[in-house]
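Taking it in order: structure first as structure tokens, then the write-up.
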Amino acid sequence: MIKINCDLCGKSDEGLLRTLIEGVELSVCTECSKFGKVIGPSMKYIPKKPKKTVIEEPKEEKIEILVENYSELIKKRRESLGLSQKDFAKRINEKESTVHHIETGHFEPSLAIARKLERTLGIKLIEEHEENHELPAKKKSEESFTLGDFIKTK
């Protein structure tokens, strides 16, 4: 059986009372309960089972990125179709200046615009890239810093 101690005097007692003392609800013995207003019998303490920690395995994440030479691919394909920047911009429902900036490499299109360009031009601009998120290996204590390494002492 678990013994509970009085919150005021520390005395081990099975018959603790919930008592309001100076605005705080405490579990106290019958002797200490005279310092406040008794609310009722104290609830028995039931210890909680410790939660098991689950170590997550490294996860693979697939992200979509734009190919490096997207500007060259777009310009070459547009020109091979015989479209001017103005006509091409109308076809994809974007501004002519946006098309110009994309083709010169000054503007990287969002994935939504890149998909639109892929459909219109029939080329591949987005590629999937897998990233492995591995948990960092624990360093030896000799290699890692502690808070004491950064504190100046006199």
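The values are calculated or read from the model by the stated rules, or taken from the named source; none is laboratory data. These figures come from a predicted structure and were not determined experimentally. Glycine gets a Cβ as well: all are built from the backbone with ideal geometry, and neighbour counts include every protein chain shown.
Could you tell me whether the range 108-129 includes any residue that is modelled with pLDDT under 90 and not charged (D, E, K, R)? Yes, there is a match, as at least one residue in the range 108-129 is modelled with pLDDT under 90 and not charged (D, E, K, R). Put simply, of Ile4, Ile65 the only residue that is closer than 30 Å to Glu131 by Cβ and touching a residue at least 24 places away in the same chain (Cβ under 8 Å) is Ile65. Determine, yes or no, whether Thr104 is under 35 Å from the mean Cα position of the chain (by Cα) and either closer than 30 Å to Asn5 by Cβ or not basic (Lys, Arg) (or both). No, not satisfied.
Residue-by-condition table, conditions (1) surrounded by 14 or more Cβ atoms within 10 Å (Cβ to Cβ); (2) touching a Gly at 6+ places or on another chain (Cβ under 9 Å):
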position: Ser27; (1), (2): yes, no
position: Met43; (1), (2): no, no
position: Lys49; (1), (2): no, no
position: Lys52; (1), (2): no, no
position: Glu64; (1), (2): no, no
position: Tyr70; (1), (2): yes, yes
position: Thr104; (1), (2): no, no
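Restrict the check to the range 43-62 and report whether at least one residue is at pLDDT 85 or above, not in a strand (DSSP E or B) and not aromatic (Phe, Trp, Tyr). There is no residue in the range 43-62 that is at pLDDT 85 or above, not in a strand (DSSP E or B) and not aromatic (Phe, Trp, Tyr).
Residues in the range 1-19 that are modelled with pLDDT of 80 or more and surrounded by 13 or more Cβ atoms within 10 Å (Cβ to Cβ): Asn5, Cys6, Asp7, Leu8, Lys11, Leu16, Leu17, Arg18, Thr19. There is no residue in the range 95-105 that is modelled with pLDDT under 90 and assigned to a loop (DSSP other than H, G, I, E, B).
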